[in-house]
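*Asks:* Okay, here's the structure, questions in a sec.
The values are calculated or read from the model by the stated rules, or taken from the named source; none is laboratory data. Quick caveat: nothing in here was measured; it's all calculated off a predicted structure. Note: ideal-geometry Cβ built from the backbone for every residue, glycine included; neighbour counts use all protein chains shown. We work out accessible area using only protein heavy atoms, side chains counted, and drop any ligands, DNA or RNA first. Shrake-Rupley method; radii C 1.70, N 1.55, O 1.52, S 1.80 Å.
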Amino acid sequence: MSGVLLTAGYDRAWHSVYVAESLRRLGHAPKLILVAYPMSRARIRTILRSRGWRVALAYLGRRDLAKTDSPMRAAVRALGIQKPSLRAWARRHGVPLVLVGNLNNERAVRAAEELGPQVTAYTGGGILRSAFLRACGYRVLNCHSGPLPAVRGMNALEWSLLLGQPTGVTVHLIDEGIDTGPVLEWVEVEPVRGDTLDSLRERLVLAGAESMVRWVLRALDGALQTPAPPAGPRQRQCFVVAPALRELAALRLAQRLAPAAASEE
């Protein structure tokens, strides 16, 4: 087995660059980066359904709509990187990077098999199938922006608020199901005064990236113990929220913050 495989959903993913650079500074730069080719109809449909047309258009035009004061962007800039690009980062540090149409296609699976990674840091790239997971030895880490197994699937933050669940990040191993793999850690990220859905989501992304780095190091040190998957029937799988439900989730967030705001006045 050889080092770390990093996957990403697109070249300019701030959190993916953060993980790559943080690991490099700790002496464990990825041995290989696989980036799922971004210009696919399936990818654009997913973005349209989950984030809306503005984000989809920005995606097509290679524009970044992230806020300049986002925690994730600030964390990357603190590492000395002003404009994220995995391809530029890989060239700079001599790390092989392969663009693939799909992480489950023959090229991606073969690349993973040839590397034989000790651990795979999944920071995006779509649903993983058995062939890719097997090539990675089923040691694929993911950080899910909601509590597992209670909130599986899409828009985990919104569904956490709608279902009265805590907000945070679950570190888990990926299996063939949708967010059904063994849970390794729960990292609670409580809303703070002034939070919106977007600002809280950005803090979840940063918490996930930090957790990813920590668990990759544990895996490389041989401290990753693989627990058994949750017993019993799987709980609900959540799908993309409708605009009205997103508004309701924002209201639930405001209601959750109201007591704290009142106590500060």
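*Asks:* So, of the residues in region 140-156 that are aliphatic (A, V, I, L, M) and crowded, with 21+ Cβ neighbours inside 10 Å, which turns out to be nearest to GLU113 (Cα to Cα)?
*Replies:* Per the stated criteria, the residue is VAL140.
*Asks:* OK, next. If you scan region 221-265, which residues turn out to be open to solvent by 60 Å² or more (accessible area, probe 1.4 Å), part of a loop (DSSP other than H, G, I, E, B) and either within 22 Å of SER211 (Cβ to Cβ) or at pLDDT 70 or above (or both)?
*Replies:* Matches in region 221-265: ASP221, GLN225, THR226, ALA228, PRO229, PRO230, GLN235, ARG236, PHE239.
*Asks:* So, VAL169, is that one more than 25 Å from ARG218 (Cα to Cα), touching a residue at least 24 places away in the same chain (Cβ under 8 Å), open to solvent by less than 20 Å² (accessible area, probe 1.4 Å) and β-branched (Val, Ile, Thr) or not?
*Replies:* Judged against the criteria, VAL169 is not a match.
*Asks:* Another question, then. Just to verify a result, which residue in region 1-56, among those that are aromatic (Phe, Trp, Tyr) and not in a helix (DSSP H, G or I), is modelled with the lowest pLDDT?
*Replies:* Looking at the filtered set, the residue picked out is TYR37.
*Asks:* Would you pick out the residues in region 78-106 that are assigned to a helix (DSSP H, G or I), surrounded by 15 or more Cβ atoms within 10 Å (Cβ to Cβ) and without any contact (Cβ under 8 Å) to a residue 12 or more places away in the chain?
*Replies:* ALA88
*Asks:* Which members of region 158-183 meet the condition of being aliphatic (A, V, I, L, M) and within 13 Å of GLY208 (Cα to Cα)?
*Replies:* VAL169, VAL171
*Asks:* Among the residues that make up region 133-144, is at least one of them closer than 30 Å to ASP195 by Cβ, of a type in the set (A, V, I, L, M) and in a strand (DSSP E or B)?
*Replies:* yes
*Asks:* For residues that are over 28 Å from LEU248 (Cβ atoms) and not charged (D, E, K, R), scanning just region 181-208, find the one that is surrounded by the most Cβ atoms within 10 Å (Cβ to Cβ).
*Replies:* It comes out as GLY181.
*Asks:* If you don't mind, there's one more thing I want to ask. So which residues in region 157-166 are aliphatic (A, V, I, L, M) and either open to solvent by less than 10 Å² (accessible area, probe 1.4 Å) or part of a loop (DSSP other than H, G, I, E, B) (or both), if there are any at all?
*Replies:* LEU157, LEU161, LEU163
*Asks:* What about GLY177, is it without any contact (Cβ under 8 Å) to a residue 12 or more places away in the chain, out of contact with any helix residue (DSSP H, G or I) (no Cβ under 9 Å at 6 or more places or on another chain) and either surrounded by 18 or more Cβ atoms within 10 Å (Cβ to Cβ) or not hydroxyl-bearing (Ser, Thr, Tyr) (or both)?
*Replies:* When the stated conditions are applied, GLY177 does not pass them.
*Asks:* Being among the aliphatic types (A, V, I, L, M) and within 30 Å of LEU257 (Cβ to Cβ) is the requirement here; does LEU161 meet it?
*Replies:* yes
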